[in-house]
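The structure appears below as structure tokens.
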Amino acid sequence: MMLTAASIASLTLAAPPAQASSSTAHSRITGWVIEDKYWTYDGCVSAGHQGVERGDWSRFQCRPGTLKWVLWVLRP
């Protein structure tokens with residue numbers, strides 16, 4: 001199949017819109033998401049409780065990762 005200038009232009013116009021910045025996209029995410037990673041379990045739990053107290057998320061889990069503890073949060 002030979003591509004012409006018109007067919008290339010139509011492909012360019014059909015491209016998906018650019019993604020929002022990570023800070024904007026992050027604030028719209030709901031459900032279980034990774035919030036951050038911590039060297040210690042206690043640091044992860046502390047950050048999880050602080051987020052619940054601030055109302056940033058409703059629940060959290062600290063799960064073991066490859067090298068760090070991973071803070072999973074449930075955003076409303």
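The values are calculated or read from the model by the stated rules, or taken from the named source; none is laboratory data. The shown structure was predicted, so the numbers you read here are calculated from the model rather than taken from an experiment. A quick note on method: Cβ atoms are made from the backbone with ideal geometry, for glycine too, and the neighbour counts reach across all protein chains shown. Side chains are part of the model used for accessible areas, which takes the heavy atoms of the whole protein and leaves out ligands, DNA and RNA. Shrake-Rupley method; radii C 1.70, N 1.55, O 1.52, S 1.80 Å.
Summary of computed values
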read-out: Fully extended contour minus Cα-Cα distance, from Asp42 to Leu74, at 0.36 nm per residue; value: 9.6 nm
read-out: Accessible heavy-atom area order of Thr66, Thr40, highest first, probe of 1.4 Å; value: Thr66, Thr40
read-out: Under 11 Å, Cβ to Cβ, from Cys62 - net charge with Lys/Arg +1 and Asp/Glu -1; value: 0
read-out: Arg63 paired with Val33, simple spin-label distance in nm, labels 7 Å along Cα-to-beta-carbon; value: 1.6 nm
